Amino acid sequence: MPSIQDFTTRVSNNVEQVIIGKREAIELLMVALLCEGHVLIEDVPGVGKTMLARSIAVSLGGQFKRLQCTPDLLPNDVTGVSVFNQQSGDFEFRPGPIFVNVLLADEINRATPRTQSALLEAMQEQQVTVDGITRMLPRPFMVLATQNPIEYEGTFPLPEAQLDRFLMRLAIGYPSAAQEKQLLPHLQREHPINKLQQVTDEAQLLDFQKQVWEMHVDETLQDYIVALVTATRTHSDVTLGASPRASLALFKTAQALAASRGRDHVIPDDVKYLAPFTLAHRLIVKPEAELRGQTALKIVGDILERTPLELGS
């Protein structure tokens, strides 16, 4: 029986046929998949966010849809709508793009708060309620949302409740000069996404998602996770710290990362590596701290330096 490490390596290698030189971002998305979590990708246009989402969906053999968020997008455009059928005399539900395995919500901060809130129930409970009827979403289900960190005109910043539902926030970043040169002949004639093949199936992923929960996390590391999250709530430059959902996010992503790297237990480096990706987007930095150049990522780094790992006896 293939291991979780075999699974993540196979899918990552497949995705790298399309996305060159971004192994860390691919690994983090695989961690999110194993946790049934959602990811906010905050980066400039043109670095491969859409292709990354499509590549993962194709590799899993799942459905992929891209939702372009705009100010005129309505909640029913996301969840679906009931339409009256004159022939049958009944209302028929027409599912929206959210009924899919991998949903790319492109430029999510350009949608109005009302439309953004249509994603809240889906992201937390994997279901949507339309006209008083609750419908379950397919599994696996993952939302990859993007936003441009440069252009803010005409945008609606994501509220804390929305940000808290993202398991991680990450950036893909520009490729190096060598990687960008490698892209040029790689994209000639036909885009590699058109030739990408499925390398696993959804049933296998769902099985591995259950196995991730069995990864051993020592009680010392559990205390360390709680100490890190608690420190975000008492930091002098933070108005609002991370929620208990952040503790669970850091705990489970550490389990998934350990499994994807072939271990049966979590080590301290797993927690330290994942803390910036799981905690920073959940913090609200005080305005006066921002004027001094303080950022949420710097605060998480400061907390990691100041919070000792108390080893058990």
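Derivation of every value follows stated rules applied to the coordinates shown; laboratory data play no part. None of these values were measured; they are calculated from a predicted model. FYI the Cβ positions are ideal-geometry reconstructions off the backbone, even for glycines, and counts take in every protein chain you see.
Structure notes:
- Exposure proxy ranking, count of Cβ atoms within 10 Å, fewest first, for S88, S117, S55: S88, S117, S55
- A simple spin-label model places pseudo-atoms 7 Å from Cα toward Cβ; at T155 and M51 they are separated by 2.3 nm.
- Pair I193, R245: separation of 7 Å Cα→Cβ label points (nm): 2.8
- Among P97, P287, P268, residue whose mean-square fluctuation peaks in a GNM of the chain (springs only between Cα atoms under 10 Å): P287
- Inter-label distance for K210 and V44, nm, one decimal - labels placed 7 Å from Cα along Cα-to-Cβ: 4.6
- Under the Debye formula (equal points on every Cα, no solvent term), log10 I(q)/I(0) of the stretch 26-115 at q = 0.11, 0.20, 0.21 Å⁻¹: -0.40, -1.03, -1.10
- For the chain, a Gaussian network of Cα nodes joined below 10 Å ranks M51, M30, M136 by mean-square fluctuation, and the top entry is M136.
- Extension gain, D218 to E24: 0.36 nm times the residue separation minus the Cα-Cα distance gives 67.3 nm.
- Gained length - L184 relative to I267, 0.36 nm times residue gap less alpha-carbon distance: 25.9 nm
- The sum of -39500 (n - 2.57) across all DSSP H runs of n ≥ 4, divided by the residue count of the chain, sets its helix-only mean residue ellipticity at 222 nm to -12500 deg cm²/dmol.
- Cα centroid of the stretch 1-43 to Cα centroid of the stretch 85-128, whole Å: 25
- Proximal lysines relative to K286, as straight alpha-carbon distance under 21 Å, when same-chain residues fewer than 8 apart are discounted: K298
- Antiparallel bridge percentage (DSSP; both residues within the chain; nearest 5): 40
- Rg/Rg_ref, the stretch 215-306, where Rg_ref = 2.2 N^0.38 Å and atoms are Cα: 1.10
- FRET efficiency for E290 and Y174, using Cβ-Cβ distance with R0 set to 35 Å, rounded to 0.05: 0.90
- Averaging Cα coordinates gives a centre for the stretch 194-234 and one for the stretch 238-301; these two points are 13 Å apart.
- Per-residue Karplus couplings for the stretch 109-114, computed as 6.51 cos²θ - 1.76 cosθ + 1.60 with θ equal to phi - 60°, are listed in order as 7, 8, 7, 5, x, 4 Hz, Gly and Pro entered as x.
- Using a Förster distance of 22 Å, the FRET efficiency for V81-L120 (Cβ separation, nearest 0.05): 0.75
- Cα lying deepest toward the dipole's positive end in the stretch 155-286, options L196, I284, W213, charges on Cβ: I284
- Helical segments meeting 18 Å axial Cα length and Kyte-Doolittle -1.0 threshold in the chain (DSSP H): 219-234, 244-260
- Under 5 Å between amide hydrogens, built in the peptide plane, is the criterion, and for A105 it picks out L67, L144, A145, T146 among residues at least 5 positions away or on other chains.
- Residue among R94, R282, R165 with the largest mean-square fluctuation in a Gaussian network model of the chain, springs linking Cα atoms under 10 Å: R94
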